[in-house]
Amino acid sequence: MFLRHIKFGGTLLLFFVAVSSTTPPDVSTLDLKTLCAQLIHIATTRYLADPIPESNNSTASRLRASYVDYSFGSAFDLPSSNQANSISSFTSFDALTPPALVAALHPNFALYTSVEKSTALYTLPIHAVDSIHGSNYFFDTALYPQSLNVAATFNLTHAFAQGLSSCASTYSSSLGSVRWIFSPLFGVSSSPAWARVYETFGESSSVVAQMSQSFVAGAASTNLCATTAKHYLGYADNQGRDRGVSRSATRDRKVWNANLLNSKTQPKATTVMTSYTQSNGEYSVNFDRKELGDLRRYFDGIVVTDFDEIWNSINWHRNAKNLKDALQSFYSFDGVDLLMAPYDNGTIVDAMVELVEEGKIDRKLLERKVSRLFKLKQQLLEDDFAAILTNSAPPTPASFDVQADREAAYEAALESVTLLKNDGDVLPLQDPTIILTGPTANYLPSMVGGWAFHWQGPTDNDDPGFSTTTPNNKATLLEGLQNQFADVMFKPFEFDTTESDVSARIDSVASTCTPESHIVIAVGEQPYTEKPGDVRDAHLPNRQLRLVREIRTNCPSSKIIVVYFGGRARLLGDIVDNCDAFIAAFLPGVAGGTAVAAVLSGSHNPTGKLPVTWEKFNDGAGRFDSKVSDLCTGNQKEDKNGAGDNFPNYSYEACATEFDFGYGLSYTDFEFTTSDSNSNSTIIVEEGPKGSHNFTVSVKNVGERAGSTVSMMFYQTLVRKGATPSRKELFSFARTKVLEPGEEQVLIHELTADDFLFASPESSPRLILENDMESLVVHGLEDCRADINNPGCLTSRVKLKPTNPNQACVHACAAWEMGCSLVFGETFRCSDLCNDEWDWNYVDCVWGAVSKSEAGSGCNALLNHCKNVFNTPNDDDAVGENIGKKITPDDTENLVITALVSMVVGTIAGIFIAGGCRADKRTNHHNAIGRGSSFSGTERRDSTLTTLEGDFEDEEILGGEDNDDENDRNVLFADQSLESMQMTRMNTSSSVII
């Protein structure tokens, strides 16, 4: 046993973990039915759904009945559809722990041979659950703000805490039976109409990448559960309709690149979930060989489909005629491993068995997939297996400090509240007379959203989840205001208030308002999750727009403060024009009312910044990273509720927004200065671990109140030949500690070559760098291309220098290295040998050969199928005689010897080049996929393969500053140390002030 400790919220949590020597069984010895059943991911509710022939109706007997014919490999816990119940109230978790499962399914386990015991253990189902913002399906836990709120804090420590809570609290609440969580979401939000915006960390690939990595690190720090990166790929880049057409844009790929591909990123998500959508608008992503093949280049962990995608491929996507047709598509290549088929009763297993027996699905491929599942079980369940094998008491789930967790959740909620308008400094309120109205004013469900106690979230304040998930500061907005202010009058207005009743409700407010009144109108949304939350028009309902508009008309001298609760930035029409102050609270959780009241009263200085662009129109234009060519006309200024009709209009300009990404006000003022503001000189950013540049920003509180703010650094590309550049790209952000008036803090933002990655039409889905690409580095939200002398622009000019301008060569060499590095050794330098014929068609060829080959045979596939582009010698050459001959694995050693001899005598033969194509140490690391490594969680598949970490001592080309000595840093870096977060929830106030 060893002790794992985590300091969380000031409380030390202890986890005792046993070390087991259990090894998975040889998958080739499994009977075919068991092998296939291991790849089916069912729902736990199925245990309770089938008729039980026995009189005993216990969970154990139901499990035996469920597994009597099929050994399903994994399951997820699905909440009851009955809104009065959550997962906590109907699942007997003590019956789902591994020791209990063994007792229920294998009553004669003690009599088994060692091989039989290993098989019995590793074929047990591993359980998962959708723990997204804390253990949100369990009672008596903390409910975190949704991810969109965590993103609004721009504070990685909150994402770390969210991941830690989601994992550790789920483990504790399920009595140790649930060891796999379906989060975080890697998607980059793109449409305000999409129902899953609140599950994302916003619309910036940089924010999403760093927040999701922090979430994963928080979960991994517990050593208790697997995480899931979802959804691969492009799910969030849609037209606002869930499960519809999506595009896998550069912004999405950069998140996956940063989290799963980059070897510097540790730990990594353990599993991947595929998308519901049509890949690039064509067909189900589960059938996309190119996209999933690209994933498999650097990820060798479990890939699971989303809910019922096996049947969706037939009935929703209509990419398959029937079940067998769908199964053949799923398992015709190494893409998806597990099929989430929640209610399968063995139909899918039987069909799969028949297809294997008919030779239409390769058993070897299924064995590879089951091996991945067994590896996951070994990583997560070794302590339980050890207890079972030694007949000792199972590990006791650690007690989790729920109160400390709730306090941490409240800190995140408080920091996420974003002040977007404050005309005349109406806020903070000073001894006000408050009139409160609006549909979200006294409605807890609108503060927590979906994935809270139930799939679609709670429907009223009396949901049992609220009575058991009760922090000290739980409150609706009404309760929060009543706790802060003495004079609060409430005027009810419900979501179902009809248009005919709106006038009466408005009249009720108008009859009591005075010039001294402060009218707080709470607008927003009811809870929803996924497709049921779709809207065609992103505007708030007309009755809410009318409520604000007519209260302004009837109470012209009163101060109006609008507070928004909802999971996306719904279009506001004329609301902003008709109010004095506007606050975006989004989905802060059960303590949202307390948090907003603290901002209104001034006891908390607002710190939130928008993680998404708040758009003004329904056309989806105006994102901060939209293409520079995506312009609007002057008509947008004529009518806030729609385009004008002044045609023709030749005024082309940036598309107007309601509020820009990154915007957020404070009750104090900050001054930013940077030491690198010089657009007349050019900073060279070269590729490689030392080819970065650090930008220093000094932040000073020049106001009269203590406060914290966020420093953001963008780059604005001047010209990019491979694809039209974006208006700007965020590459780094950092939150200051709370600065007292006059106090100053220095922040450092690192810019690396990886920040400039993009997918061109030719290279897609692979990300590339463009040689000599010039950009402006800008602090803040200004667009500085037109006037770099704008006082609001703190700019520097940078130029990108990739190690190898031929990016097709880089990606092709990565394939040769992955396939042949073990065969051809350390002396071969692929990047020195590639030529102009190595184009993107060739890249597809070499990666196709590697991905289709069995483990260890990639080099053979490359030599047989992808050597024609080399300048091969004639057939009289010692090596040339092998051209056209089918090469077997046994031939490779002889070919290497022959090639080496040829090299000595000066004849560099084609096959030698093929075999010798090993990536130079100077080859760029950003997208040499895996660099000979594939990752499952945080472990490398083969430690003998070259990785991206270290081994750069002989780097000849350096750029920027040498940052090797981390100990010399006495300032807060934008990329906060995840290692330090793993031991304690960092408080940004701990950073040194200069």
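The values are calculated or read from the model by the stated rules, or taken from the named source; none is laboratory data. These numbers come from a predicted model, not from an experiment. Please note: Cβ atoms are built from the backbone with ideal geometry, for glycine as well, and neighbour counts cover all protein chains shown. Keep in mind that these areas ignore ligands, DNA and RNA; they rest on the heavy atoms of the full protein, side chains included. Shrake-Rupley method; radii C 1.70, N 1.55, O 1.52, S 1.80 Å.
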If we keep just the residues of segment 117-131 that are touching a strand residue (DSSP E or B) at 6+ places or on another chain (Cβ under 9 Å) and open to solvent by less than 10 Å² (accessible area, probe 1.4 Å), which is farthest from Tyr410 (Cα to Cα)? Pro125
Which residues, taken from segment 395-408, are assigned to a helix (DSSP H, G or I) and β-branched (Val, Ile, Thr)? Val402
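Of all the helices (runs of 4 or more DSSP H) wholly in segment 253-344, which have at least 2 residues that are touching a Cys at 6+ places or on another chain (Cβ under 6 Å)?
Working: elements: 289-296, 309-315, 323-330.
Because the criterion is at least 2 residues that are touching a Cys at 6+ places or on another chain (Cβ under 6 Å), no helices (runs of 4 or more DSSP H) in segment 253-344 meet it.
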What tally of residues in segment 312-328 results from selecting those that are at pLDDT 95 or above and open to solvent by 30 Å² or more (accessible area, probe 1.4 Å)? 5
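Could you list all residues from segment 335-352 that are open to solvent by less than 20 Å² (accessible area, probe 1.4 Å) and either within 17 Å of Leu35 (Cβ to Cβ) or aliphatic (A, V, I, L, M) (or both)? Reasoning before the result, please.
Applying the first criterion (open to solvent by less than 20 Å² (accessible area, probe 1.4 Å)) to segment 335-352 yields 335-342, 344, 346, 348-349, 351-352.
If the condition is that a residue be open to solvent by less than 20 Å² (accessible area, probe 1.4 Å) and either within 17 Å of Leu35 (Cβ to Cβ) or aliphatic (A, V, I, L, M) (or both), then Val336, Asp337, Leu338, Leu339, Met340, Ala341, Asp344, Gly346, Ile348, Val349, Ala351, Met352 are the ones that fit.
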Only residues in segment 88-111 that are under 18 Å from Phe385 (Cβ atoms) count as the first member; pair them with residues that are in a loop (DSSP other than H, G, I, E, B) and modelled with pLDDT of 90 or more, Cβ under 6 angstrom, at least 6 apart or cross-chain, and list the lot. Pro98/Leu124; Leu101/Leu124
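Could you list all residues from segment 261-311 that are of a type outside the set (A, V, I, L, M, F, W, C), farther than 23 Å from Ala249 by Cβ and modelled with pLDDT of 85 or more?
Once the filter is applied, which keeps residues that are of a type outside the set (A, V, I, L, M, F, W, C), farther than 23 Å from Ala249 by Cβ and modelled with pLDDT of 85 or more, segment 261-311 yields Pro267, Thr270, Thr271, Asp300, Gly301, Asp308.
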Looking at (1) over 28 Å from Phe756 (Cβ atoms); (2) in contact with a Gly (Cβ under 9 Å, 6 or more places away or on another chain), which one does Leu261 not meet, given that it meets all the others? (1)
Looking at (1) outside any helix (DSSP H, G or I); (2) within 11 Å of the chain's Cα centre (by Cα); (3) among the aliphatic types (A, V, I, L, M), can you tell me which one Val208 breaks? (1)
Residue list for segment 259-288, filter: open to solvent by 10 Å² or more (accessible area, probe 1.4 Å) and either farther than 15 Å from Arg318 by Cα or charged (D, E, K, R) (or both): Asn262, Lys264, Thr265, Gln266, Pro267, Thr270, Asn280, Glu282, Asp288
Report yes if Ala591 is surrounded by 24 or more Cβ atoms within 10 Å (Cβ to Cβ), farther than 29 Å from Leu781 by Cβ and touching a residue at least 24 places away in the same chain (Cβ under 8 Å), otherwise no. yes
If Ser172 satisfies all but one of (1) of a type outside the set (A, V, I, L, M); (2) in contact with a strand residue (DSSP E or B) (Cβ under 9 Å, 6 or more places away or on another chain); (3) in a helix (DSSP H, G or I); (4) under 24 Å from Pro125 (Cβ atoms), what's the number of the condition it fails? (2)
Could you tell me whether Arg241 is of a type in the set (D, E, K, R), more than 12 Å from Leu185 (Cα to Cα), at pLDDT 80 or above and crowded, with 20+ Cβ neighbours inside 10 Å? no
Please go through segment 732-744 and give me each residue that is within 30 Å of the chain's Cα centre (by Cα) and either free of Cβ contacts under 8 Å to residues at least 12 places away in the same chain or open to solvent by less than 10 Å² (accessible area, probe 1.4 Å) (or both), ordered by number. Ser732, Phe733, Ala734, Arg735, Thr736
Between Thr696, Thr673, which is assigned to a strand (DSSP E or B), surrounded by fewer than 16 Cβ atoms within 10 Å (Cβ to Cβ) and under 29 Å from the mean Cα position of the chain (by Cα)? Thr696
List the number of the failed condition for Phe624; all other conditions in (1) within 13 Å of Leu571 (Cα to Cα); (2) modelled with pLDDT of 80 or more; (3) of a type outside the set (Asp, Glu) hold. (1)
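In segment 803-821, how many residues are over 21 Å from Ala849 (Cβ atoms) and either in contact with a strand residue (DSSP E or B) (Cβ under 7 Å, 6 or more places away or on another chain) or surrounded by 24 or more Cβ atoms within 10 Å (Cβ to Cβ) (or both)?
Going residue by residue through segment 803-821, those that are over 21 Å from Ala849 (Cβ atoms) are 803-805.
Narrowing further to those that are either in contact with a strand residue (DSSP E or B) (Cβ under 7 Å, 6 or more places away or on another chain) or surrounded by 24 or more Cβ atoms within 10 Å (Cβ to Cβ) (or both): none.
Qualifying residue count, segment 803-821: 0.
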All conditions in (1) at pLDDT below 90; (2) in a loop (DSSP other than H, G, I, E, B); (3) out of contact with any helix residue (DSSP H, G or I) (no Cβ under 8 Å at 6 or more places or on another chain) are true of Gly662 except (1)
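One line per residue, one yes/no per condition, for (1) open to solvent by 10 Å² or more (accessible area, probe 1.4 Å); (2) without any contact (Cβ under 8 Å) to a residue 60 or more places away in the chain; (3) closer than 20 Å to Phe624 by Cα:
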site	(1), (2), (3)
Ala151	no, no, yes
Leu156	no, no, no
Ala161	no, no, no
Leu164	no, no, no
Ser169	no, no, no
Ser173	yes, no, no
Ser191	yes, no, yes
Ala195	no, no, no
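Take the residues of segment 554-588 that are polar (S, T, N, Q) and part of a helix (DSSP H, G or I): which is surrounded by the most Cβ atoms within 10 Å (Cβ to Cβ)?
In this case the residue turns out to be Asn578.
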Regarding Ala104, is this residue over 28 Å from Pro464 (Cβ atoms), open to solvent by less than 10 Å² (accessible area, probe 1.4 Å) and under 34 Å from the mean Cα position of the chain (by Cα)? no
When (1) over 33 Å from the mean Cα position of the chain (by Cα); (2) assigned to a helix (DSSP H, G or I) are applied to Ser392, the one that fails is (2)
Positions within segment 370-417 being of a type in the set (D, E, K, R), open to solvent by less than 40 Å² (accessible area, probe 1.4 Å) and modelled with pLDDT of 95 or more, in sequence order: Arg372, Lys377, Glu415
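Checking the structure you have, find out if any residue of segment 69-81 is of a type in the set (A, V, I, L, M), open to solvent by 10 Å² or more (accessible area, probe 1.4 Å), under 34 Å from the mean Cα position of the chain (by Cα) and modelled with pLDDT under 85. Break it down stepwise before answering.
Taking segment 69-81 and keeping what is of a type in the set (A, V, I, L, M), we get 75, 78.
Right, trim to open to solvent by 10 Å² or more (accessible area, probe 1.4 Å) and you get 78.
Still in the running and under 34 Å from the mean Cα position of the chain (by Cα): 78.
Of the ones still in play, those that are also modelled with pLDDT under 85 are 78.
Checked segment 69-81: at least one residue is of a type in the set (A, V, I, L, M), open to solvent by 10 Å² or more (accessible area, probe 1.4 Å), under 34 Å from the mean Cα position of the chain (by Cα) and modelled with pLDDT under 85.
Let's see how each residue does on (1) modelled with pLDDT of 95 or more; (2) farther than 30 Å from Ala753 by Cβ:
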site: Thr170; (1), (2): no, yes
site: Trp180; (1), (2): yes, yes
site: Ser191; (1), (2): no, yes
site: Thr250; (1), (2): no, no
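Limited to segment 529-553, what total is found for residues that are under 24 Å from His454 (Cβ atoms) and surrounded by fewer than 23 Cβ atoms within 10 Å (Cβ to Cβ)?
7
Taking the criterion of being closer than 27 Å to Arg196 by Cα, of a type outside the set (Phe, Trp, Tyr) and out of contact with any strand residue (DSSP E or B) (no Cβ under 9 Å at 6 or more places or on another chain), would at least one residue in segment 501-515 satisfy it? Give the derivation first.
At the first step, the residues of segment 501-515 found to be closer than 27 Å to Arg196 by Cα are none.
No, there is no match, as no residue in segment 501-515 is closer than 27 Å to Arg196 by Cα, of a type outside the set (Phe, Trp, Tyr) and out of contact with any strand residue (DSSP E or B) (no Cβ under 9 Å at 6 or more places or on another chain).
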